[in-house]
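Before we start, here is the structure in question, set down as structure tokens.
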Amino acid sequence: MSVNSDLQRERVAASLDSEDFALWWAGGAAELAERRALERRFYEDPELEESVHPSCLSYKERYEQTVARSTRFLAKLRQWQREKQPQLNLSVSLLRDFRLLLSGPLGTGLFQQSFPLRLHFSMFMTTLLSQGTEEQQAQWLNRAWHMDGVIGTYAQTELGHGTFVRGLETRADYDPERQEFVLNTPTQSSYKWWPGGLGNTANLIIVLAQLYVKGKHHGLQSFLVRIRDERTHEPLPGIDVGDIGPRMGGNGVNNGFLGLRDVRIPRNQMLMKNAQVLEDGTFIQGRPPLLIYGTMVYVRVITLRDVLFGLLQAATIATRYSVVRRQSPIEENQPEVSVLDHITQQAKILPQIARGVSYRLVSDWLWRFYEDVLKQLEANNPRNSLPELHALSCCLKAVGTDEATDGVDRLRKSCGGHGYLSSANFDSIHGMTTATYTYEGEYTVLLLQTARFLVRQYVDSLKRKVLPPSVTYLRDTTRLVWGKSLTANCARALEIAALEQVRQAWQSQSTHQRGKVSAQMASNLAGRQLTAAAVAHAHAFFTRNALGELERLRKTGISAGVSTVLGQLVELFVLDTFLRQSGSVLRWNSITGTQLRLVESRYEELLSKLRPNAVALVDGFDFHDRVLGSTLGCYDGRVYERLMEEARKNPLNQEPVNASFHSHLLPMMRGKL
């Protein structure tokens with residue numbers, strides 16, 4: 001394989017061993033070998049190839065092609081799973097690992113716009129595990145795993161309600177005489193809207209609905225509802241279902257709408273692990289559930305991993321292209337240099353790599369914390385960390401998706417005009433990343449949920465109560481003392497800014513409440529301060545946690561080369577966060593112009609230190625060319641050849657004269673129109 005000479009020189013000159021970094025990134029030699037073997041198994045299958053770029057297909061054609069390829073993909077994936085683990089033990093961790101295969105490099109390499117069966121293995125099966133009784137799991141879980149007459153999805157969001165789940169209008173009324181629930185979407189705004197795979201794919205779904213027994217409301221509960229015939233796939237009586245139409249991205253997902261009219265289901269199809277309705281209609285609330293809303297918590301926790309993956313895809317494409325692309329000499333009368341030699345280009349790309357790697361460290365910690373909370377809840381520990389997990393998952397998801405979306409677009413812009421081509425694949429990456437900003441919790445709503453937690457903890461700090469670990473800084477009222485460590489200075493300055501933003505939000509709420517308005521109205525009027533507090537808390541946590549995880553990793557014996565580069569990346573992330581949040585930081589900290597310039601100088605020094613290893617670093621993410629799906633980002637760097645090859649595949653270029661010339665253009669030129 002011919003490799004671009006500039007890319008090859010970069011690889012030879014790098015001090016970082018990309019294979020060494022890939023081993024750490026994958027989690028070890030066995031994990032890396034297994035992933036590469038899986039990629040060969042799937043990417044070398046001609047039936048999983050795309051003959052035409054998806055952007056050249058109609059919406060209907062794309063769906064049909066995606067379903068055909070995804071069924072073959074899943075059949076091969078389950079065969080591999082059986083070979084690997086003949087005696088399967090279904091668990092949340094297993095489903096998380098399986099989901100990472102579907103939404104991570106393997107699935108992305110095959111389905112750049114995702115595919116409609118993904119939610120079956122993530123939200124549908126996860127909810128069965130977390131909310132179903134042992135009897136319900138015995139009835140449905142194995143069938144769902146093998147897709148034995150079951151293709152599922154999770155239907156929560158409605159046409160008129162999203163993140164405010166208490167406002168959902170879909171209702172389930174219990175009929176004690178027939179021991180059935182009757183489900184209805186009583187208004188147009190109560191139609192389920194957005195669930196992946198719902199449009200034309202799923203036949204059995206989990207519906208979140210307001211439960212009523214003998215006219216009494218018992219809150220939101222989850223119900224298993226069959227919407228299509230198992231054999232014919234025809235919609236069942238009372239079911240109005242379809243696809244919602246094309247979107248900005250993720251157009252392989254088959255997002256759907258659903259209306260229910262007097263749809264009856266047996267009593268045992270309410271998921272009853274956390275709450276029950278007995279035969280006579282008696283309602284029993286069990287332990288406080290992690291997962292009536294818990295499926296959302298789970299998705300928020302793993303979304304951070306999803307967006308860092310998209311961000312690093314884009315960074316890999318931009319880095320390789322910026323080496324191949326030559327633009328403007330730096331010294332007079334010298335040849336044009338690689339665009340990445342310009343410090344302005346380094347400042348566009350390298351901080352995004354640093355952000356993606358730091359998000360990886362934090363997301364790994366967040367998953368471990370999630371598992372710990374699950375164990376606490378299973379043990380009925382009354383002092384569980386669920387409120388802290390909820391607050392963290394909200395703000396980290398909100399800020400992480402916002403910054404990753406912005407980062408992908410910055411990287412697209414760094415590639416100039418060619419970055420705007422569909423064949424560069426920034427459109428798919430950006431479309432998938434920007435969707436995360438909204439789904440499973442809209443940005444502002446999540447920030448407000450975190451802010452409520454922060455204000456409560458701040459009040460507790462005034463009362464000298466014990467605080468959860470993530471907010472202990474709220475009781476630290478010492479001012480910034482500028483020391484020798486710039487990262488420590490910046491991390492502490494971000495914590496002080498977060499503390500002061502929380503204090504200001506609390507004071508704003510208190511002031512409004514003294515004006516004789518309700519607590520709810522006071523929160524509304526203090527909304528700007530509350531969201532600012534949550535954003536500041538997220539930045540403070542991201543930086544402090546990334547630094548902590550780096551130190552933990554270094555104690556595990558990672559190689560010196562990987563340790564050095566990780567240290568540079570995390571430091572760059574901390575300084576970049578500090579500089580990007582300088583408005584808030586400078587408002588609440590006494591920092592001189594000289595001190596600020598020290599941060600900027602170190603920031604630029606880190607760019608120059610990372611520049612020689614930029615290509616080796618993105619090579620270390622070990623993205624297969626199929627995963628990147630980009631003419632600009634392939635490993636061989638043959639950018640211009642691939643751009644021309646892709647253009648020649650365009651259906652419009654398969655004939656020298658398009659039929660529209662004879663039917664429309666020629667008559668117009670001859671004055672016959």
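Output ³J(HN,Hα) for segment 493-501: one whole-Hz value per residue in order, computed from phi by the Karplus curve 6.51 cos²θ - 1.76 cosθ + 1.60 with θ = phi - 60°, and x for Gly and Pro.
For segment 493-501, the Karplus curve yields 4, 5, 5, 4, 4, 5, 4, 5, 5 Hz.
Going 7 Å from the Cα of Gln188 along its beta-carbon direction, which residues of segment 223-245 have the amide nitrogen within less than 20 Å of the resulting point?
What the label zone holds, given the 20 Å backbone N cut-off, is 239-245.
Sort 96-102, 428-434, 312-318 by the packing proxy (mean of other Cβ within 10 Å over each peptide's residues), most packed first.
312-318, 428-434, 96-102
Going by a ≥ b ≥ c, the root eigenvalues of the Cα gyration tensor, does segment 556-673 fall in the rounded group (a/c under 1.5), the prolate group (a/b larger than b/c) or the oblate group?
oblate
What's the extension gain from Asn653 to Gln87 if we count 0.36 nm per residue and subtract their Cα-Cα distance?
198.6 nm
Are there any trypsin sites (Lys or Arg not before Pro) in segment 555-612 that are in a DSSP loop and have at most 13 other Cβ atoms within 10 Å? List them by number.
Those that pass, being in a loop and sparsely packed, are Lys555.
Something else now. Among 207-217, 121-131, how do they line up from the highest to the lowest mean number of other beta-carbon atoms within 10 Å?
Ranked from most to least packed, the peptides come out as 121-131, 207-217.
With every protein chain kept in place and ligands, DNA and RNA left out, what is the accessible area per residue of segment 379-525? Probe 1.4 Å, answer in Å².
For segment 379-525, the per-residue accessible area is 46 Å².
Determine the per residue accessible area of segment 529-592 with all protein chains present and a 1.4 angstrom probe, expressed in square angstrom.
35 Å²
Name the GluC sites (Glu not before Pro) in segment 162-192 that are in a loop by DSSP and that have at most 11 other C-beta atoms within 10 Å, would you?
Counting only loop positions with at most 11 other Cβ atoms within 10 Å, the GluC sites (Glu not before Pro) in segment 162-192 are Glu177.
Convert each backbone phi in segment 7-18 into a coupling constant with the Karplus relation 6.51 cos²θ - 1.76 cosθ + 1.60 (shift: θ = phi - 60°), then list the ³J(HN,Hα) values in order as whole Hz, x for Gly and Pro.
Karplus-based 3J(HN,Hα) across segment 7-18 equals 5, 5, 4, 4, 5, 5, 7, 5, 8, 7, 7, 5 Hz.
Rounded to the nearest percent, how much of the accessible area of segment 87-158 (1.4 Å probe, protein heavy atoms only) is carbon and sulfur?
The C+S portion of the solvent-accessible surface of segment 87-158 is 47 percent.
Putting +1 on Lys and Arg Cβ atoms and -1 on Asp and Glu Cβ atoms, find which of Val408, Leu572, Gly107 reaches farthest to the positive end of the dipole of the chain.
Final value for the positive-end residue is Leu572.
Continuing with the same structure: Rounded if a/c is under 1.5, else prolate if a/b is larger than b/c, else oblate: which is the chain, with a ≥ b ≥ c the root eigenvalues of its Cα gyration tensor?
oblate
Based solely on its DSSP helices, what 222 nm [θ] is calculated for the chain when runs of n ≥ 4 H residues each add -39,500 (n - 2.57) and the sum is averaged over all residues, nearest 500 deg cm²/dmol?
Using -39500 (n - 2.57) per qualifying helix, the result is -17500 deg cm²/dmol.
Give me the number: length gained by fully extending Arg9 to Thr232, i.e. 0.36 nm times residue separation minus the C-alpha to C-alpha distance, one decimal in nm.
Between Arg9 and Thr232, full extension yields an extra 74.4 nm.
Given the peptides 3-10, 350-357, arrange them by the average over their residues of other C-beta atoms within 10 Å, most packed first.
Put in order of decreasing packing, that is 350-357, 3-10.
Roughly speaking, to the nearest percent, how much of segment 478-632's 1.4 Å accessible area is carbon and sulfur?
Of the solvent-accessible surface of segment 478-632, carbon and sulfur hold 53 percent.
A further question follows. As a test question: what accessible area, to the nearest 10 Å², does His161 have when a 1.4 Å probe is rolled over all protein chains in place?
For His161, the solvent-accessible surface is approximately 50 Å².
Could you go through segment 432-444 in sequence order and give the Karplus-derived ³J(HN,Hα) for each residue, using 6.51 cos²θ - 1.76 cosθ + 1.60 with θ = phi - 60°, rounded to whole Hz, and x for Gly and Pro?
Working through the residues one at a time gives 6, 6, 5, 5, 5, 4, 10, 6, 6, x, 5, 3, 5 Hz.
Give the accessible surface of segment 33-191 per residue, rounded to a whole number of Å², with probe radius 1.4 Å and ligands, DNA and RNA excluded.
That works out to 43 Å² per residue.
The values are calculated or read from the model by the stated rules, or taken from the named source; none is laboratory data. Computed from a predicted model, the values in this text were never measured in an experiment. Glycine gets a Cβ as well: all are built from the backbone with ideal geometry, and neighbour counts include every protein chain shown. To get the accessible areas, we keep the full protein, side chains included, count just its heavy atoms, and leave off ligands, DNA and RNA. Shrake-Rupley method; radii C 1.70, N 1.55, O 1.52, S 1.80 Å.
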